[in-house]
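What follows is a set of notes on a single structure, which appears directly below.
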Amino acid sequence: MNEQPNLSYVHELSGGDHDFEKNFLRIVKRELPLDAERFRENIAAENFKEAAANVHKLKHKISILGLEDSHRLAQEYELQLREGVNKLENSFLEILDAMMNYLEKIQT
Amino acid sequence: MKCLIIDDEESARMVLQQLISKNPNLEIDAEFSNAIQAIKHLNHQDTDLIFLDIHMPDFTGFDFIKTLKNPPNVILITSDSSFAIEAFEYDCIVDYLLKPITQERFDKAVQKVLSIPPKEPLKKEIQDPESNLNQTENDLYVNIDRRLIKIDIPSIYLIEAKGDYILIKTNSKNYTVHSTLKKIEEKLPQDLFLKIHRSYVINTKRIIDIEDNSVLIEKDVIPVSRGNKPELIRRLNLL
């Protein structure tokens, strides 16, 4: 994964409102591991259609953290999963790990 | 303009709250994490604009719109551009915003809503006298073994398709008749009966409860198909 998560979109959205940024990132930090866990469970159970829905939801958080290439990969992975193909799992998990590691370092 | 937010993700609702707070034309009336709560709200209160997520568990944004008799303006929110074509099929959908939403694009969508002339109040529907007659007629005659047997329509709670026959279930008796669901549907009052699955028509007044994608009616558990669910939900007097 070449690109790194960033807060450009969050800063743009907040317009300098630090309280909003803090609250917003706290919620993203809380939701992301839960979404990721649901995705992992569905992959483990080979519920690929459900997993595709999880990837769809996770795309929003990927875009919030400014990961444009990763968003494109997630888009492709979602379409693959809808067809029952699971070839991009490792690359997608790498994205999720990078996002969670990045968020962990942010004070909220 | 009063607006509603419907999205199952808290972070997505927060993004919309922030965008709305920066637009002087908008005021948040309420926000919901699922479509059913929003339908209940809209049964009692009008709104001018709905920001609606397409992907929600159980009920898609499109299903939600189908439940509304007179939908307000809707701006769809999604992470997927592939639904744009379907969105054009709904007159109430004014714009379609892809996540992540920028303030500039958001304001442009709101401007589109503001440029729409206000809707005229609904005129009272003129009732077709023939359909009115059908609705007040309480009896249905069915042909069984060359006899015309009278069935009291309100006593029918379920009709099931069984090949070339239909099974009509009433409180006291079941009747197997050589006919189709389509034909009997035409003879039944539309405000009382609803097709909820390709094989089942139910009397909506006889529903005991609804769980996920099935209806309990008397002692029968009947599946509800995805396409028929919005109309079923629309007919319920939700609290």
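Nothing in this text is a laboratory measurement; each read-out follows from the coordinates by a stated rule. Keep in mind the model is a prediction, meaning the values are calculated, not measured. Every residue, glycine among them, receives a Cβ derived from its backbone with ideal geometry; neighbour counts consider all protein chains shown.
Annotation: the residues B:His178, A:His56, A:His11, A:His71, sorted from fewest to most other C-beta atoms within 10 Å of their own C-beta, follow the order B:His178, A:His11, A:His56, A:His71. Between A:Asn2 and B:Met1, take the C-beta separation as r, use R0 = 35 Å, and let me know the FRET efficiency to the nearest 0.05. Calculated value: 0.20. The angle between the Cα long axis of helix A:18-44 and the main principal axis of chain A comes to about 10°, on a 0 to 90 degree scale.
Computed from the C-beta positions of A:Glu37 and B:Lys183, the FRET efficiency with R₀ = 35 Å rounds to 0.10. In a reduced charge model with +1 at each Lys and Arg Cβ and -1 at each Asp and Glu Cβ, segment A:1-89 shows a dipole moment near 200 debye about its Cα centre.
Using 0.36 nm per residue of separation minus the Cα-Cα distance, give me the extension gain between B:Leu239 and B:Ser199 in nm, one decimal. The B:Leu239-B:Ser199 span can extend by a further 11.5 nm. Taken over segment B:1-114, the alpha-carbon convex hull comes to 92 cubic angstrom per residue.
Loop-located trypsin sites (Lys or Arg not before Pro) in segment A:23-108 (DSSP state not H, G, I, E or B) with no more than 14 neighbouring Cβ atoms inside 10 Å: A:Lys87, A:Lys105. Could you pull out the longest piece of chain B with no exposed loop chymotrypsin sites (Phe, Trp or Tyr not before Pro) in it, calling a site exposed if DSSP puts it outside H, G, I, E, B and it has at most 15 other Cβ atoms within 10 Å? Longest gap between qualifying sites, sites excluded: B:91-239. Label sites at B:Tyr141 and A:His11, each approximated as a point 7 angstrom past Cα along Cα to Cβ, lie 8.2 nm apart.
With only the Cα atoms considered, the protein assembly as shown has a convex hull volume of 165 Å³ per residue.
Rounded to the nearest 10 degrees, the angle from helix B:103-114 to the longest Cα principal axis of chain B is 50 degrees.
The alpha-carbon of B:Lys169 sits under 20 angstrom from the alpha-carbons of these lysines, leaving out residues fewer than 8 places away in its chain: B:Lys150, B:Lys182, B:Lys183, B:Lys187, B:Lys195, B:Lys205, B:Lys219. Projection of the Cα convex hull of chain B, averaged over all directions and equal to a quarter of that hull's surface, yields 15.3 nm².
Label zone of A:Lys22 (point 7 Å out along Cα→Cβ, amide N under 14 Å): in segment A:90-108 this covers A:107-108. Per residue, the convex hull around the alpha carbon atoms of segment A:1-76 comes to 85 Å³.
Using only side-chain charges placed at the Cβ, +1 for Lys and Arg and -1 for Asp and Glu, the dipole size of the protein assembly as shown relative to its Cα centre rounds to 1160 debye. Taking the three principal axes of the alpha carbon atoms in segment B:171-216, the coordinate ranges are 32, 23, 19 Å, sorted in descending order.
Note on A:Lys87: lysines with a C-alpha under 18 Å away, same-chain residues under 8 apart excluded, are A:Lys49, A:Lys59. What the Cα atoms of segment B:1-66 give is an Rg and a Dmax of 11.3, 34 Å.
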